[in-house]
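First comes the structure, then the notes that go with it.
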Amino acid sequence: MKQHKHTRLPATPVYEGMLSFKPDLLVYDFDGVMTDNCVLVFQDGTEAVFVNRADGWGIEQLRKAGFRQIILSTETNPVVSVRAKKLQIEVLQGRDDKARDLSDYCQSQGVDLAKVLYVGNDVNDLDAMRLVGYPVAPADAHPKVLAIAKHVTQARGGGGVIKEISEILLSIVGN
């Protein structure tokens, strides 16, 4: 199988900051980052969401390159657990205080918050995003999130946000 090689992205204003940041941990919100923030609710009460397969590819490539990644979600939902298992990344769900939970997680794992890249889209991500070294937002994030993001993706939530980030980060490490 031919290995896909990433080319170095140009240091344009869109990518310039992220090209100089090598995170020790990537943290993804689920709804609104890995999904378009919509949910299908069936009459029996079960839920389903659409995810972007390109994000799955990006997560896999980042894992192969040695990047640690987790999903941090306010909701507790089987669909989040199933997706995290398929992607082979840890998930922290049912988190009412993402900032506290992220801080606790990083402390327990020996990760400096200044070396964390956090991708969030809504106001419940703000406090956690303020703690980290590199907050990132999808193009359609809440205006308050867009205001504090160091990088705003061209992709909207569920539209390949993580794939876009992976291309940038993988260009740094030369994979």
The one condition GLY120 fails out of (1) surrounded by fewer than 21 Cβ atoms within 10 Å (Cβ to Cβ); (2) under 19 Å from MET18 (Cβ atoms); (3) of a type outside the set (A, V, I, L, M, F, W, C) is (1)
Answer yes or no: is there a residue in the stretch 137-159 that is surrounded by 15 or more Cβ atoms within 10 Å (Cβ to Cβ) and on the phi > 0 side of the Ramachandran plot.
-> yes
Scan LEU92, LEU170 and give me the residue that is out of contact with any Pro (no Cβ under 8 Å at 6 or more places or on another chain), closer than 14 Å to VAL27 by Cα and either free of Cβ contacts under 8 Å to residues at least 40 places away in the same chain or not β-branched (Val, Ile, Thr) (or both).
-> LEU92
Only one of these conditions is not met by ALA137: (1) under 16 Å from GLY32 (Cβ atoms); (2) in contact (Cβ under 8 Å) with a residue 60 or more places away in the chain. Which number is it?
-> (2)
Output the residues belonging to the stretch 160-175 that are buried (at least 19 other Cβ atoms within 10 Å of the Cβ) and polar (S, T, N, Q).
-> SER166
Leading residue by the ranking (surrounded by the most Cβ atoms within 10 Å (Cβ to Cβ)) among those in the stretch 91-117 that are small (Gly, Ala, Ser) and more than 22 Å from PHE21 (Cβ to Cβ) = GLY94
In this structure, is GLY66 on the phi > 0 side of the Ramachandran plot and more than 16 Å from the chain's Cα centre (by Cα)?
-> no
Helices (runs of 4 or more DSSP H) contained entirely in the stretch 69-175, each with at least 3 residues that are over 20 Å from VAL51 (Cα atoms) and among the small types (Gly, Ala, Ser) | 98-109
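Coordinate-derived values only; no laboratory data. As the structure is a computational prediction, the values presented were derived from the model and not from experiment. A quick note on method: Cβ atoms are made from the backbone with ideal geometry, for glycine too, and the neighbour counts reach across all protein chains shown.
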